Amino acid sequence: MSKPFIHIVEVGPRDGLQNENKIFSPEMRVQLIDHLSECGFSEIEVGSFVSPKWVPQMANTDKVYQHIHHNPKCRYSALVPNERGMKDAMAAGLRCVSLFTAASDTFNQKNTNSTIAESLETFKHIMDVARDQEVRVRGYVSCVISCPFEGDVSPDAVATIAEHLFKLGCAEISLGDTIGRGTPHSIEAMLKAVMERVPVGNLAIHCHDTFGHAVDNVIEALNQGIRVVDSAINGLGGCPYASKNGERAKGNVATEAIVAALEEKGYAHGINIEALGCASAFVKEWIKF
Ligand code: HMG
Ligand code: MG
């Protein structure tokens, strides 16, 4: 019997570039996304409508979105932290946005200058706009295994936030192992707790590869029934506010590694390997030098 289809959400143009020291021009970001649009991803995160004082790499996401070639088979989304971001995203024409909070208050404070409770209050207002404008909303929970400031995070704390986002109306909740501390064992325990409160069909996994466990962690998530996987071309990325000692969070799990693992395990994925190779070469030549 053939294995199920796995949807890949390519987060390189957002989670990848937000953590690069170099700021890429909107034109370069458009070129990257246009390459990625040929690959067959279910969704591409094109950028963020956050404060350019906090994340200058993501300034001009409106221009980027407006200049990419939209593949009708792909969803294009961007991060939105507050009502101002939502307003800008709507003005730019986005039809899909992603909210983000965490299972750790200290991380959330450092990332968005607000407590988890304050974030969730803000999201209510964003969801009102989203419902009104029929915009799809994804919700991120960061630090689902461990927080760089508070240490281990309990599966129950993750499940509580995930359930809250689901009840607010998020179509999908992406569970982020922000600093890559997860192992297949801890990922399994976390997912079991979350799946008691949110249907597995509304969940995605988002692994960073700090300690080299990300591919194994994603495979464990698939074993648990997850069918949506976030990854970044060439393993770009990380959250600039996940750093404790001045070291930045290491990259996301590489899309190339996820596709190879899916092939090996016999999962369908819909990715055009040749187009992925072209996108990968583009990143190697233009971004990672
Ligand atoms: P704040 O400083 O508390 O905001 O930041 P404020 O409301 O006091 O405003 C400060 C200034 O920012 C003002 O400008 C606002 O107008 C402006 P000024 O008057 O000083 O000139 N401002 C904005 N400008 C553009 N767009 C906006 C916006 N909002 C305010 N939306 C804020 C609060 C949330 C804005 C800030 O903390 C922020 O932008 N944080 C974003 C941090 C971020 O992007 N982190 C990375 C993404 S999360 C991640 O990577 C994790 C994930 O990958 C999952 C995982 O791996 O775990 C998703
Ligand atoms: Mg991330």
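Data table
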| quantity | calculated |
| --- | --- |
| Candidate aspartates and glutamates for bridging to Lys87, where Cα separation is under 17 Å - those fewer than 8 sequence places away on the same chain excluded | Asp62, Glu121, Asp128, Asp132, Glu134 |
| Loop-located GluC sites (Glu not before Pro) in region 115-152 whose Cβ has at most 12 other Cβ within 10 Å (DSSP) | Glu134 |
| Rg and Dmax [Cα atoms of region 7-286; Å; Rg one decimal, Dmax integer] | 16.9, 45 |
| Cα gyration tensor shape of region 130-181, rounded if a/c is under 1.5, else prolate or oblate by comparing a/b with b/c | prolate |
| Under 12 Å from the Cα of Lys3 - aspartates and glutamates, other chains or at least 8 residues apart | Glu263, Glu264 |
| Whole-percent pair-distance distribution, where bins are 10 Å wide, for the alpha carbons of region 1-66 | 21, 50, 19, 7, 3, 0 |
| Distribution of pairwise C-alpha distances over region 73-225, 5 Å bins, in % | 2, 10, 20, 22, 20, 15, 8, 3, 0 |
| Burial order of peptide ranges 158-168, 205-215 (average beta-carbon count within 10 Å, highest first) | 205-215, 158-168 |
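Values quoted throughout were computed directly from the atomic coordinates according to the rules given, and no laboratory measurement underlies them. Just so it is clear, the model here is predicted, and its values are computed rather than measured. Backbone-built Cβ (ideal geometry, glycine too); neighbour counts: all protein chains shown.
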